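Engineer: I am attaching a structure below and will ask some questions about it afterwards.
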Amino acid sequence: MLRVAVVASPPVSMFNLAIPEMLFDKAEVDGRPGYEVVICTPDPGPVPTTGGLDLHVPRGLEALREADTVIVAGTGKLHSPDPRVLTALREAADAGVRIASICTGAFSLAEAGLLKGRRATTYWTHAGELRRRHPDVEVQGDVLYAQDGPFLTSSGYAAGIDLCLHLIRTDYGAAVANEVARLALVAPVRPGGQTQFTHTPLPPERGTACADTRGWAMRNLDKPLTLTDLARHAGVSVRTLTRRFHAESGVSPLQWLLHQRVERARELLESTTLPMDQVAAACGLGSADSLRVHLVRRTGLTPSAYRAQFTRLGTGADPVSSSVA
């Protein structure tokens, strides 16, 4: 079991604080909890929130010494963070702990000196301020989340969900992360702003008119779906489907479909030993050559290199995962 310590710096965002506990607590590996989540704060006891309520947090910052991952939740106080938080973050970094932030939590990481010379992001309305206050940080204001070495930062609100799902995927693989997403009723793992994954992450979905068709397409990724197929399922013209799809998903139907095919390929590469041509067929990319082209474009890795780096199969594991179905 991996330990996650979530730092609540007053006034803390209740939503930011709830995300790690909600997601990490749903991760199970071989029927056992994958994580233990502890919320901590500089002064244990009542902690003010940005919503005007107080939350009772019983643990102090000593929890960081026991953590495998530290996550700093967003706070309404951007400047002059508690020196005790900065010291605890530096000590955790020196110990090799993975450290992440949600929303404005990035300001604490930057103030601690952890982001110097590194890529980072924060909520887009504060990206300019982070850039001005910390010119030694390469601020990327247009991505969901960014990772540079052991340090990860996310944008605001739902991007914290994407960050936590990415951490779960890194630790336990795509199948576990996608199951957590399903249980939490959120979108599956979306890539952030990391060059090795994608330059164009999908924006959040903003409607439900095409939801049934998206679900149907996800269940039929192994088939050569066309715009006509998608429009026929939705019961509308190709033109109407394209307009609605773009309004809801921010991308065209075929762009969305390609993104999902590559994500399915990544999951199969992580969780099975299927030959490359079978992986390509199962996710609708056609051939091993096509799989290679799209995966390199998305992640910077060939299928073989990706599998070698991210495989989640242990000895005795079923080499052909049920996720192919």
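The values are calculated or read from the model by the stated rules, or taken from the named source; none is laboratory data. These figures come from a predicted structure and were not determined experimentally. Reconstructed Cβ throughout: ideal geometry from the backbone, glycine too, with neighbour counts over all protein chains shown. Just so you know, the surface numbers come from the protein's heavy atoms only, side chains and all, with ligands and any DNA or RNA stripped out. Shrake-Rupley method; radii C 1.70, N 1.55, O 1.52, S 1.80 Å.
Engineer: If you scan segment 94-143, which residues turn out to be open to solvent by 70 Å² or more (accessible area, probe 1.4 Å), touching a residue at least 24 places away in the same chain (Cβ under 8 Å) and part of a loop (DSSP other than H, G, I, E, B)?
Structural biologist: ALA95, ASP142, listed by residue number.
Engineer: Can you name every one of the helices (runs of 4 or more DSSP H) wholly within segment 267-313 that holds 2 or more residues which are within 22 Å of LEU165 (Cα to Cα)?
Structural biologist: Answer list for segment 267-313: 288-299, 303-310.
Engineer: Only one residue in PRO20, PRO44, PRO58, PRO48 is open to solvent by less than 10 Å² (accessible area, probe 1.4 Å) and either touching a strand residue (DSSP E or B) at 6+ places or on another chain (Cβ under 8 Å) or under 19 Å from GLY149 (Cα atoms) (or both). Which one? It would help to see each step written out before you state the result.
Structural biologist: Values: PRO44 fails: open to solvent by less than 10 Å² (accessible area, probe 1.4 Å); PRO58 fails: open to solvent by less than 10 Å² (accessible area, probe 1.4 Å); PRO48 fails: open to solvent by less than 10 Å² (accessible area, probe 1.4 Å).
Testing whether each residue is open to solvent by less than 10 Å² (accessible area, probe 1.4 Å) and either touching a strand residue (DSSP E or B) at 6+ places or on another chain (Cβ under 8 Å) or under 19 Å from GLY149 (Cα atoms) (or both) leaves just PRO20.
Engineer: So, THR153, is that one of a type in the set (S, T, N, Q) and either assigned to a strand (DSSP E or B) or in contact with a Gly (Cβ under 9 Å, 6 or more places away or on another chain) (or both) or not?
Structural biologist: Judged against the criteria, THR153 is a match.
Engineer: Where residues in segment 24-41 are open to solvent by 20 Å² or more (accessible area, probe 1.4 Å) and in contact (Cβ under 8 Å) with a residue 40 or more places away in the chain, which of them is nearest to ALA184 (Cα to Cα)?
Structural biologist: Restricting attention to segment 24-41, the residues satisfying the condition of being open to solvent by 20 Å² or more (accessible area, probe 1.4 Å) are 25-26, 28-33, 36-39.
Next, from what is left, pick out any that are in contact (Cβ under 8 Å) with a residue 40 or more places away in the chain: 26, 28-29.
Working: LYS26: 8, GLU28: 13, VAL29: 16 Å.
So the residue we want is LYS26.
Engineer: If you don't mind, there's one more thing I want to ask. Can you confirm whether segment 259-267 contains a residue that is of a type in the set (A, V, I, L, M, F, W, C) and open to solvent by 20 Å² or more (accessible area, probe 1.4 Å)?
Structural biologist: Within segment 259-267 (the criterion being of a type in the set (A, V, I, L, M, F, W, C) and open to solvent by 20 Å² or more (accessible area, probe 1.4 Å)), the answer is no, since none of the residues qualifies.
Engineer: Let me ask something else about it. I want to confirm something. Restricting to segment 214-258 and keeping residues that are β-branched (Val, Ile, Thr) and surrounded by 15 or more Cβ atoms within 10 Å (Cβ to Cβ), which single residue is nearest to THR299 (Cα to Cα)?
Structural biologist: VAL251
Yes or no, residue by residue, for (1) charged (D, E, K, R); (2) within 22 Å of LEU78 (Cβ to Cβ):
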position	(1), (2)
GLY128	no, yes
TYR145	no, yes
GLY149	no, no
SER155	no, yes
HIS166	no, no
TYR172	no, no
VAL176	no, no
GLU179	yes, no
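Engineer: For segment 167-185, what are the residues that are open to solvent by 10 Å² or more (accessible area, probe 1.4 Å) and assigned to a helix (DSSP H, G or I)?
Structural biologist: Going residue by residue through segment 167-185, those that are open to solvent by 10 Å² or more (accessible area, probe 1.4 Å) are 169-172, 175-176, 178-179, 182-185.
Listed by number, the residues that qualify are ARG169, THR170, ASP171, TYR172, ALA175, VAL176, ASN178, GLU179, ARG182, LEU183, ALA184.
Engineer: Another question about this same structure. Name the residues in segment 84-137 that are β-branched (Val, Ile, Thr) and in contact with a strand residue (DSSP E or B) (Cβ under 9 Å, 6 or more places away or on another chain), would you?
Structural biologist: From segment 84-137, those β-branched (Val, Ile, Thr) are 85, 87, 97, 99, 102, 104, 121-122, 125, 137; that's our starting set.
VAL85, VAL97, ILE99, ILE102, THR104, THR121, THR122, VAL137, listed by residue number.
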